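J.: There's a structure below that I have some questions on.
The values are calculated or read from the model by the stated rules, or taken from the named source; none is laboratory data. What you are looking at is a predicted structure, and each value in this text was computed from that prediction instead of being measured. Every residue, glycine as well, gets a Cβ built from its backbone with ideal geometry; the counts of neighbours run over all protein chains shown. We work out accessible area using only protein heavy atoms, side chains counted, and drop any ligands, DNA or RNA first. Shrake-Rupley method; radii C 1.70, N 1.55, O 1.52, S 1.80 Å.
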Amino acid sequence: MKNHFFLPIFLCLISFSAFGCRAVEPEEVYLISALGFDRTNSGVRVSAEVPLTREDEADKMEVRVFEGEGETFPSALEAMKAGLAKQLEFGHCALIVFGDGMENSRLDEILECLFEWQVPLSATVVYSPNAGELLKKGSLSAPAVGYEIPDILRLISKERGILFQCRVYEVASSGGSFRIPQFLPNGEEAAEVDRLEGECVYHEKKAVGIE
């Protein structure tokens, strides 16, 4: 019974991943590297991290974080898109960040959005108390947070032998009970690997604590 909501979403994700890809020209779109999901006083917020090539120095990059708010995540995305000059492309998204309160129906809504937006099944999912703040604080060593955090987890897995099961497909097929790494924004911890502050434990789609 606990797979009632997650299994259909997981199957939809697989079908879209296999058949929903399309070619785009980089100059026509913003290529998203990470997405953050937060609640606000009046609804929810979506944050999108986008690495951009600097116009004055083609070999260097800058990172921008676009945000939108609404009653639902789809409406928050529409609010974000309304102020952008280019379309958003989710096929390069490597990181998903859950903020506080991403539980129960909100968790279902996020997974449905990841399916609709064609976010890769292999994207890493982590927790941070304020997802947008994590993205806006920036990266210590990589061009973007969306690339840095998956690299940190791969390094920790290799050096410490820890197995993280926090991909989109693993969360979507978990039945609502899973563990995802907790990361703090850049500046709250000095060393890269020290930014990993335990794991946020979800049981039946509800966050029950940090271990």
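J.: Sticking with the crude label model, points 7 Å out along Cα→Cβ, report the distance from residue 72 to residue 160 in nm, one decimal please.
T.: 3.9
J.: Quote the charge dipole size of region 62-211 about the Cα centre in Debye, to the nearest 20; the model charges only the Cβ of Lys and Arg (+1) and of Asp and Glu (-1).
T.: 340
J.: Which whole-number value in Å² is the accessible area per residue of region 29-146, probe 1.4 Å?
T.: I get 43 Å² per residue for region 29-146.
J.: Ignoring ligands, DNA and RNA, please state the percent of accessible area on region 81-211 from carbon and sulfur, probe 1.4 Å.
T.: Here carbon and sulfur together make up 46 percent of the probe-accessible area.
J.: Okay, moving on. Under the definition of Cα pairs under 8 Å and six or more residues apart, what whole-number percent is the relative contact order of region 104-211?
T.: Dividing the mean separation by the residue count of region 104-211 yields 28 percent.
J.: If you don't mind, there's one more thing I want to ask. Sorted by mean Cβ packing within 10 Å, highest first, what order do the peptides 203-211, 61-69, 124-132 take?
T.: 124-132, 61-69, 203-211
J.: Report the calculated FRET efficiency for residue 122 and residue 79 (r = Cβ-Cβ distance, R0 = 25 Å), to the nearest 0.05.
T.: With R0 = 25 Å, the Cβ-Cβ based efficiency is 0.35.
J.: Which order do the peptides 162-173, 110-121, 83-94 come out in when sorted by mean C-beta neighbours inside 10 angstrom, highest first?
T.: Final packing ranking: 110-121, 162-173, 83-94.
J.: On to the next question. What is the gain in length, in nm to one decimal, between residue 61 and residue 177 on full extension, counting 0.36 nm per residue of separation less the C-alpha to C-alpha distance?
T.: So the chain would gain 38.0 nm between residue 61 and residue 177.
J.: Just to check I understand the Karplus step: with θ = phi - 60° and J = 6.51 cos²θ - 1.76 cosθ + 1.60, what whole-Hz values come out for region 149-156, glycine and proline as x?
T.: 5, x, 5, 4, 5, 5, 5, 5
J.: Another one. Largest first, what is the accessible-area ranking of 151, 108 with a 1.4 Å probe?
T.: Solvent-accessible surface, decreasing: 151, 108.
J.: If R0 is 35 Å, what FRET efficiency do you get for residue 211 and residue 53 from their C-beta distance, rounded to 0.05?
T.: 0.30
J.: With θ set to phi - 60°, apply the Karplus curve 6.51 cos²θ - 1.76 cosθ + 1.60 along region 93-103 and write out the HN-Hα couplings as whole Hz, x wherever there is a Gly or Pro.
T.: The phi angles translate into 5, 10, 9, 10, 10, 8, x, 4, x, 7, 9 Hz.
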